[in-house]
Amino acid sequence: MEVTDIGNKEEGKIWLRKPTPGRRSPALLRVLVTVVRTAQQTKTVRFLHVAFDTTGDCFLAGDRHGNIYLFDISRNRFRLVQKTGQACTAIAFSLRRTTEFLVALADYSIKCFDKDTKQLVSWMRGHEGAVSSISVHSSGRYAITTSSDTAQLWDLDTFQRKRKLNIRQSVSIQKVFFLPLSNTILSCFSDDSIFAWESDTLFCKYQLPVPDSEPRISYKAFAVTRNGKSLAAGGRSNLLHLWCLESQQLVRVIQMPTQVRSVRQLEFLSESFDGGASQTLGVLSQDGVMRFVNILTCKLLFHMGSVDEAITAVAVGPNSRHIVAIMDNGSINIYSMQSVTQELNKPPPFKVAVVSGGEADQDFSNIKIKVKSEKIQRPAKSSGRGTKVKTLRPPAGSAADDKENELPSGLNKKRLLALLKAFGEFPAKYRMFVWRSLLCLPENYAAYSSLTDKGLHSAFLTLHDKYPIKSLKLQRGLQRVLSALAHWAAIFAEVEYLPLVAFPFVKLFQNNPMLCFEVVATVIVNWCQHWFEYFPNPPLNILSRVENVLAHHDKELLQHLVDCGISSQLYLWPLLETLFSEVLTRDEWLRLFDNIFSNHPSFLLMACVAYVISCREPLLLCSQKKDFEYFFHHRNNLDVGAMIKEAYRIMCSTPADIHPQTMLSDFTPLTSGQYPVFNQYPEFIVEYQSRERERIRLQEMEYIKERQELSALRADFVLRQAEEKAYFAQQELLQKAEEQRRNILAQEEEKLAQQRKKLAAMKRELKVKELHLLDATRRRFLKQQQELQASQIQRLDQEISWKMDLREQETAAAVQDLEVRQMELEAQRKQLEQDLLKEQKRFGLEVEEEVQLKMREAERAEESYSEMLHNTEKNLQALEESLAEAHQLGMESDWQREVLDRLQRVDAEQERKRERLAQLQRQTLAEEERLAYTMREVGGRKRDEAASIRSQLQEQRAAWSTAEPGVRQRKTQSQCPSQGPLPRPAASVAAKGVNTAVGGCGAPIQRQAGATMVCLNSSSPSGSTSTNFSLDRGRAHLDSSERELLKEIRELRQKLAARARETCSASSQSVHTLSSVS
């Protein structure tokens, strides 16, 4: 037994060498091959379900991983047709579209796939439980899927659910399926009730009665015969119920052996002569053994499997040639049924049954029959109900005469001839069996296998070119039969008309190539005698003999054919070389060969003469050669029955001297075991033709090889020529394209140059416009700045004039106050002058120290702008306070308060200005240094001014000492109105200049103070006037210096404001520094 591991292969061979079916005991089934599938780590993947197609040559198998394989036994191939990804619970072929199949999956859905394209055709959902079975209607239009809780009817044209069968929860469904050859649906439930429904209307036709006397067996398995008339049911018992569906009665109860405790599956085996009423039932029990019993005799015929090799599921082919069993270990065993079917398909002996009188209603209480294990034998059909059988016996004297009429299968040739003459043909159901019996086919399996093992003959490798056939299966079958004939006898490889002879038999026996070969061989040996003596020419001796017969029976017709130049090779040979397959229909051909196989081999020649004579009327009307050729190669209106009768008449009325029977030998069957040697042909011609054919074949091979080389060279040359042509064409195109591109580039460059010129002109225009706009903008900005500066200067002038007017008013008021209080001051003049002198001396020293200190701080301020500003402010405040104290010492307390108020107002105004200056001075350190440098320059100028003032004071002192008191008094009065309050910033800067001057020359100031004191110490009226003059004179100088400093500060502020607008960002450190300075 060969074991094939398909593994992860997607296609391959089922077996490496097909075992030859030998003659074994009928009780034993031959295992052709065992198919297993191992995945990774040598784990076996179990097969779950199998299903055959309608031909019985292919079956599907689904494994636990969801892979669906198609096994083709006739072609010895398997292939993977689908990967579903989940285990299947049922599988079935679609009968209408043979390439489609249905698969029920573990997710309760049913999918339809195409095995050729591997595409999903449809996806059907609706079940809420696992689908246990799929039944397809014989028409292929409907399908029923069954689960434990429901059964659903599907339309396979639209893949839509048509009906749904719901049940009560207490009762579950066992199986719902279609009956063969009918529109009846049979539903079986767990309570052993069985209902029959009409598939179109779903009308309940009948219910099978549940037997009361028998113990309940809980039906689990069901099987129906091919004619749909008998139902077998089994379950949890060793009893089988056999129902007659026509009468709806339980006709038999079969008790299986004691080893059977429950039944898993039931299957009927189809037989050739049972008319669909199968008599062999396969019973798969719980022990994994499938036993086949005859339901009429209840005898055990054979069994399959064992306890060690248990079977879990079985699928039987429609023609019962093969059985596929799923074993307990998950593998698949493929069994050949040929040795068994040879015994089962024997026709029953001819017997006449005498019907005895009996009651119409018989008692079925005692219908239980035990199955007995005996050797297989063909039982005689009996009713089993008291029917008496009587066999007709022939007379004793005719026994010796009938021996030659007895056929191997138990048939009698005379009776067959009588049946044939009565009905004109054999029954279509039994025709193949009758032919096998008449031809005495030996069924040499081993000899036929040895011929087929040689493979296809070289003479028929290209058969499809000469004889194209649409059906690939039929074409392969014809090639196999012709190759076997060529291997049997060498002449058949040279006979050109052999495919025409064999084709009708190949088409008739396409499912059994061995029988087809033996039928064709028998026909050649017996009905084609002397055909090959004139090879390679037609059998002229046979044709001349047949022409003599035609001349004897219809001279007029023969004379007409001769007059038209039509020979026997034109009107007889087409009928013989095709065996009438071109001029007759299938039924007519079968009817003719029923008579040919039942008579002497010369009957075929007589049938040719009968065909020509039967068509004499249209033939007499034909005169052209092409008309005769067309007539004998196409079907014509002909009564085959009349032609056969004419053949019998000619067979009987032809004289012996021209009768072909004297030339042809009687029927000789093929020998058993080995086929006979066929050498009825001119061997030297065949050998010569074989040698010539071989030589021609070799020459053809060499020619084909040279032609292929030449074709390759030519193709190479053509390819190179095409490549060169394409290359030159491409180069030419490239040159043209290059020239075009150069022209395009030149044009584009010209355009680009023009565009550049235009762009340059536009740029120049835009530049000119931009310059004009910038010039206008600059002018407008300058004008705006000038206007702004003018407005600022005007505002400052107005402010200065307003302050000067205010100061003059205050000075006038102060002069009036001084005049009023002059008398009071005269009393204290001396004391004040003395105190003032002391204070001036002390003040001079303090001022000198402070000036030196401030000068050192100013030098340190040059290193840091923030420290410089801070120290500068402090110095300015200190100088202002010092100057204020110096002036207040010579004034009254009211004057001092008034001056302090004015200084506070000036401080507030200066504080606002300082904040504004801090915002404008967020510039770089360079600006701060520039400001410091500017301040130092101002200080230097003030020192120069102080020096010039000092010299002027000395000159004035000398002049005043000699002038008259009246003049000095008028001059003092004229100077007094011009004096006013001192603004803080100007006073601070002036004080800095004064301090610098004082620090440079302290003696002149002391002298000046002394001169002033001398004027104040005068007690005369002229002395009071001198006192007023000395005070106003210092204030006039301070006012002039204040104006100059204000003008410079105004200019600096304008510059800082302009730069502050340009740079708006400043660091937080600078802000902090400026705020700390302020």
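The values are calculated or read from the model by the stated rules, or taken from the named source; none is laboratory data. Because the structure is predicted, anything quoted here is derived from the model rather than measured. Here the Cβ is made from the backbone with ideal geometry for all residues, glycine too, and neighbour counts use every protein chain on show. For accessibility, only protein heavy atoms count, side chains too; no ligands or nucleic acids. Shrake-Rupley method; radii C 1.70, N 1.55, O 1.52, S 1.80 Å.
Structure values in brief
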| read-out | value |
| --- | --- |
| Trypsin sites (Lys or Arg not before Pro) within region 566-647, DSSP loop, no more than 14 other Cβ atoms inside 10 Å | R635 |
| HN-Hα J in Hz across region 551-566 - Karplus 6.51, -1.76, 1.60, θ = phi - 60°, x for Gly and Pro | 5, 5, 9, 7, 5, 4, 5, 5, 5, 4, 5, 5, 5, 7, x, 9 |
| Residue-span extension gain [R216 to M762] - 0.36 nm each, minus C-alpha spacing | 185.3 nm |
| Reachable aspartates and glutamates from K942, criterion Cα separation under 14 angstrom, eight or more residues apart if same chain | D1039, E1042, E1044, E1048 |
| Apportionment of accessible area to carbon and sulfur, region 135-263, percent (1.4 Å) | 46 percent |
| Cβ-Cβ FRET estimate between T38 and E496, R0 fixed at 51 Å, reported to 0.05 | 0.50 |
| Packing-based ranking, highest mean first, of 59-70, 106-117 given that Cβ atoms within 10 Å are counted | 59-70, 106-117 |
| Positive-end residue, region 38-173 charge dipole about Cα centroid, Cβ charges, pick of V171, G126, T54 | G126 |
| ³J(HN,Hα), Karplus 6.51/-1.76/1.60, whole Hz, each residue of region 58-74, x for Gly, Pro | 10, 8, 9, 9, x, 9, 5, 7, x, 8, 10, 10, 10, 10, 9, 6, 5 |
| Long-range amide H partners of F302 with built H, under 5 Å | F292 |
| Amide H within-cut-off set for L153, under 5 Å, with H built and near neighbours excluded | K162, R163, K164, L165 |
| Residues E709 and A729, FRET efficiency given R0 of 41 Å [Cβ-Cβ distance, rounded to 0.05] | 0.90 |
| Amide hydrogen neighbours beyond the local backbone of R46, cut-off 5 Å, H modeled | R64 |
| Difference of contour (0.36 nm per residue) and Cα-Cα distance, R1059 to I696 | 119.2 nm |
| Of K115/K205; K299/K414; K118/K162; K43/K220; K299/K413, those spanning more than 28 Å from alpha-carbon to alpha-carbon | K115/K205; K299/K414; K43/K220; K299/K413 |
| Inter-label distance for Q828 and K841, nm, one decimal - labels placed 7 Å from Cα along Cα-to-Cβ | 2.2 nm |
| In order through region 585-592: 3J(HN,Hα) via Karplus (6.51 cos²θ - 1.76 cosθ + 1.60), integer Hz, x for Gly, Pro | 7, 4, 5, 5, 5, 4, 5, 5 |
| Principal axis dimensions, region 194-253 - Cα atoms, whole angstrom, descending | 36, 24, 20 |
